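Accompanying notes for the structure given below.
Derivation of every value follows stated rules applied to the coordinates shown; laboratory data play no part. Remember, it's a predicted structure, so these values are computed and weren't measured experimentally. Please note: Cβ atoms are built from the backbone with ideal geometry, for glycine as well, and neighbour counts cover all protein chains shown.
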């Protein structure tokens, strides 16, 4: 009797089918987890903006609430100096409504592009 070297085709097909079944079960769960993480991030951002609006209203009672989201933060890549136009209460990325990738590009590019061109 000859000794068998390696695996037969049917054994390889069974292993591949088992791996595909496991992937079919795992991928939807991973997508659901990613969606839940994005929703949690959005909720946290809304809470931050809400708290920042109350803080801005307390700090600048003559102005009231911030007229725009940009007034709660500062410009991207520039040191923030608190005033009624730049409250420096929230992160500049959140205040300028840009993605972190666009903020990273803006931090490394020169000359500085306006925030409206960074919207993604």
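Based on C-alpha pairs under 8 angstrom that are at least 6 apart in sequence, segment 16-95 has a relative contact order of 21 percent.
May I ask you to order 22-29, 88-95, 3-10, 61-68 by the average number of other C-beta atoms within 10 Å around their residues, highest value first?
Answer by packing, highest mean first, reads 88-95, 61-68, 22-29, 3-10.
Once both labels are positioned 7 Å from their Cα atoms along Cα-to-Cβ, the gap between residue 57 and residue 39 label points is 2.8 nm.
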